[in-house]
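The values are calculated or read from the model by the stated rules, or taken from the named source; none is laboratory data. Keep in mind the model is a prediction, meaning the values are calculated, not measured. Here Cβ is always computed from backbone atoms with ideal geometry, including for glycine, and neighbour counts include all displayed protein chains. What goes into the accessible areas is simple: the full protein's heavy atoms, side chains included, and nothing from ligands, DNA or RNA. Shrake-Rupley method; radii C 1.70, N 1.55, O 1.52, S 1.80 Å.
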Amino acid sequence: MVNSAMNQLQQQPTQQHQQQPFMGPMTNSVAQQLLGMSPNPMHQQQLMGPKNNQTLSSMTNPMHASRQHEMMNPMHNQMKQLMNSGEINSVFSASDDNVIMRQVMDTHLPDGTDFDVKPLVHIVEEILRHATINATIDADSTSMVAHTDVGKLEGKSYQTNASLTDARQIHAHQTNAVLILNSLAHIIDKLACEMAFKCLSGGDGHTTAISLFHDVGNFHWDAKLALILAAFALNYGEFWLLAQIYSTNHLAKSMAILRQVPKIMEHSAPLKPKFDALNKLIHSIIELTQFILKFKDIPSRYVGADVPAMARALNTIPTAVYWNVRGIIACAAQISSLTSMGHEYGISSSEMQSWELSSLNSKINYLLDFFKKQLEECNRVIGDKQEADFRNSFNQLFETIHIDNMKVLKILLNSNDDPLPLFDGAIKKRVGLEVLRKRNVLLLISGLDMSRDELSILEQIYSESRVQGSRMDALYEVVWVPIVDPYVEYTEAMNIQFEDMKNGMPWYSVYHPSNVNRAVKKSIGDRWHFRSKPILVVLDPQGRELSPNAIHMMWIWGSTAFPFTTTREEALWSQETWRLELLVSGMDPTILNWIREDKYIFLYGGDDIEWIRKFTSSARAMATAARIPLEMAYVGKSKKRENVRRAIAAINVEKHSYCWQDTTLVWFFWTRIESMLFSKIQLRRADDQDLIMLQIKKLLSYDKDGSWAMLCKGSQILTNGHGSTMTQTPVDFDLWKEHIPTKGFDLSFKDYHDKLHVAANNCSRFEFPIAAGRIPENMHCPECHRRMEKHIAFLCCHDQTGLLEPY
């Protein structure tokens, strides 16, 4: 069969130098010798015959050993010259894939016989792992004791390090392998005997491979490889078993002598290149086998034969199996030559045979790299499709009736099946999901950059909800869900940041960001519009979603908003009016006292120090002239925090007015204003018929443009406007004071300011950062009520990020 193939190749000289991707040397006698296709030297010397047995003679006569070495030198020197000249490399890559694989495919006649090959392959891996000689044999070692000790130590280390789970898995594999061997043992024995015989009788590697393929022709490709690999492990493992125990076992010693094992081990140092090459090739064979098996496990619902990577892999598996079998045969031939011809032949031919093994190893590693790339591509396709399925079913999760919230929370918070996926910030210990069973759960979803201002306000609200009663009496539990970009490497610096945040929180946290997998992160973005700003998703004791984002309710009303449902949010808004308490809530007792005393109050903001000086001085002069009790409070700006800090410092030094010393209050004031806007948007109440919404939009627009002020009388908000008009009104007090006796101060101020405001014709604008999540489709101007134009802006203000920035 090989001769006919060779004739066909020789008749096609133009194809000899084509580069073939997977096949090896099949074109001339030199390649045949190097890859095991030449007649075995033992066969040439008729070592199996009754006469002229030079191997037996060499054991007793050193001269014969020397003569044998001389007989090998001509072939060895020829090979060395060819290797040095580079001719072998060109021959190695010039085979005809089609001719060889046609012969292999002719043996493939599957009849539906199939079995799970994994238990058998696992047993083979165990044999070969323990049978492979240690690659760091001491060059001076001449005793098998050292080798035996290494084997013992490796076994002991393995037993010491193996976990209980590993032991159970090994036992399961062994049990399954025993069941498989009940019907396949005779095939493995037959293959082992045939492989040994052909290696001893001079069969070349290709012919031997074809013969073995005929024996397993009715099996699938993975089963063919597993059975031939098991046959090799039977013989190879026996050799190394004798090598490891012959020094302590009388039966093994006698058998080892028949196999020349002691002599081989005594001369293991010169044979080290051969053993090293064997080790590498066997490792590559096992690894390629594992990758071939992985393609059988790929779920067809995600990756079919129409997927390019899968199609390429399936088409290449027969070639990979063939070359793995060729590698197996080469390894078997090496051990057979050692045990039958002795260490002298092994040493004399070590360089040539090591090159042969190394060449096969390169071939198999090339295939291995190919399969790794295809598997990576298949896994990517699987991951994408599984993620798409998960994201599609994620919404159904919250529309299904559950007994409790455990299923929902496990999917959200414990993708890794961690028995203790939570960290209890109150007791600083890990806990299980059971602590949340049938509890109202608030999922605080954020990145690792949540500000201390946000955390401190949340902690205050959280603590207020727990002032009375035990933890079990609390209305809800909070769980921090950290979201880390799945496409960014998780660094040690990020882990330190995460640990600092986790340890500073009084509520529960996900123990590690990896507990939330990529599909869950993307689904959170899909359903709840999470980008980077924190959101607060509310789940009831059955895991049903009560609110997609209650963070705005929490900022506006705190725990009063419980259970944070849309119905509750609408009810709270129905009770609100446009008044000063809505803006300052319980933030500052000083301002609340002014309200109770029914004083005139100016709230003002911006970061222009000159405007602040002019406004406060003119307002104070107006109040003196009008004889009204006036207080002023500076509330800063939604961003440009450094400018705000400088303004606060100047106000304190120059005593312009009252202001918040804690910039967290400045941040919270603007966060609440922004939250009111988003709450209205979330409820789809962002229309101009809503007075509160209209005024909120004005206030945020004024803040964006620069300076602004708001005049209140006790709880009542009289008017608000841009810094220019709100300054000009008290400056022009003499122009409108005559109306005070008839209209009163409040209306007189408002009418004059409104006239200036209309004349100024100021523009309104809003910015919604992508991180905000929900962005309205359209908005109307709070001044002229026309629909506003939508623009996309790219801002780089260095110290600001979006509409609001935490201080």
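Here are a few things to note about the model shown:
- In the stretch 608-624, of all residues being of a type in the set (D, E, K, R) and in contact (Cβ under 8 Å) with a residue 60 or more places away in the chain, the one that is least open to solvent (accessible area, probe 1.4 Å) corresponds to Asp608.
- Of the numbered criteria (1) in the same structural domain as Arg437 (by the TED database); (2) over 36 Å from the mean Cα position of the chain (by Cα); (3) in a loop (DSSP other than H, G, I, E, B), the one Ile556 fails is (3).
- Any strands (runs of 3 or more DSSP E) falling wholly within the stretch 467-540 and containing at least 1 residues that are within 22 Å of the chain's Cα centre (by Cα) and not β-branched (Val, Ile, Thr): 477-482, 508-510
- Within the stretch 631-643, the residues that satisfy the criterion of being under 15 Å from Gly723 (Cβ atoms) and aliphatic (A, V, I, L, M) are Met632, Val635.
- Check on Glu576, more than 23 Å from Pro730 (Cα to Cα), surrounded by 14 or more Cβ atoms within 10 Å (Cβ to Cβ) and among the acidic types (Asp, Glu): no
- Considering Ser638, Ser675, the condition of being farther than 22 Å from Phe733 by Cβ, within 55 Å of the chain's Cα centre (by Cα) and assigned to a helix (DSSP H, G or I) is satisfied by Ser675 alone.
- Residue in the stretch 596-607 that is under 30 Å from Pro421 (Cβ atoms), crowded, with 20+ Cβ neighbours inside 10 Å, touching a strand residue (DSSP E or B) at 6+ places or on another chain (Cβ under 9 Å) and not acidic (Asp, Glu) present: no
- Whether a residue is in contact with a Lys or Arg (Cβ under 8 Å, 6 or more places away or on another chain), open to solvent by less than 40 Å² (accessible area, probe 1.4 Å) and of a type outside the set (Val, Ile, Thr) was assessed, and Gly706 does not pass this test.
- Scanning the stretch 112-135 for residues that are modelled with pLDDT of 80 or more and touching an Asp or Glu at 6+ places or on another chain (Cβ under 6 Å) yields one hit, Val117.
- Verdict on Gln334 being open to solvent by less than 20 Å² (accessible area, probe 1.4 Å) and of a type in the set (S, T, N, Q): yes
- Residue check for Ser532: touching a helix residue (DSSP H, G or I) at 6+ places or on another chain (Cβ under 7 Å), closer than 30 Å to Arg380 by Cα and outside the structural domain of Ile601 (by the TED database): yes
- When the stretch 586-628 is filtered for residues that are under 28 Å from Ile457 (Cα atoms) and either assigned to a helix (DSSP H, G or I) or polar (S, T, N, Q) (or both), the ones remaining, listed by number, are Pro589, Thr590, Ile591, Leu592, Asn593, Trp594, Ile595, Arg596.
- Residues that are modelled with pLDDT under 95, among the small types (Gly, Ala, Ser) and open to solvent by less than 60 Å² (accessible area, probe 1.4 Å) within the stretch 485-512 comprise just one, Gly504.
- Test: Ser359 is open to solvent by less than 20 Å² (accessible area, probe 1.4 Å) and polar (S, T, N, Q): yes
- Boolean, Trp557 is aromatic (Phe, Trp, Tyr) and buried (at least 19 other Cβ atoms within 10 Å of the Cβ): yes
- Residues in the stretch 625-649 that are within 23 Å of Lys713 (Cα to Cα), open to solvent by 50 Å² or more (accessible area, probe 1.4 Å) and among the basic types (Lys, Arg): Arg627 only.
- The single residue among Gly773, Gly714 that is modelled with pLDDT of 55 or more and open to solvent by less than 30 Å² (accessible area, probe 1.4 Å) turns out to be Gly714.
- Scanning the stretch 500-544 for residues that are acidic (Asp, Glu) and farther than 21 Å from Glu477 by Cβ turns up Asp500, Asp526.
- Candidate set from the stretch 217-275 (those that are more than 30 Å from Met105 (Cα to Cα) and hydroxyl-bearing (Ser, Thr, Tyr)); member that is modelled with the lowest pLDDT: Ser268
- Tally, over the stretch 568-593, of residues that are under 13 Å from Phe669 (Cβ atoms) and more than 48 Å from the chain's Cα centre (by Cα): 2
- Within the stretch 681-693, being within 20 Å of Trp555 (Cβ to Cβ) and modelled with pLDDT under 85 holds for Ile681, Gln682, Leu683, Arg684, Arg685, Ala686, Asp690.
- Every listed requirement among (1) surrounded by 23 or more Cβ atoms within 10 Å (Cβ to Cβ); (2) in a loop (DSSP other than H, G, I, E, B) is met by Gln689 save one, (1).
- Selected residue (criterion: nearest to Gly543 (Cα to Cα)) from residues of the stretch 394-433 that are open to solvent by 50 Å² or more (accessible area, probe 1.4 Å), within 24 Å of the chain's Cα centre (by Cα) and not hydrophobic (A, V, I, L, M, F, W, C): Lys407
- Tally of residues being under 19 Å from Phe498 (Cβ atoms) and among the basic types (Lys, Arg) across the stretch 435-469: 1
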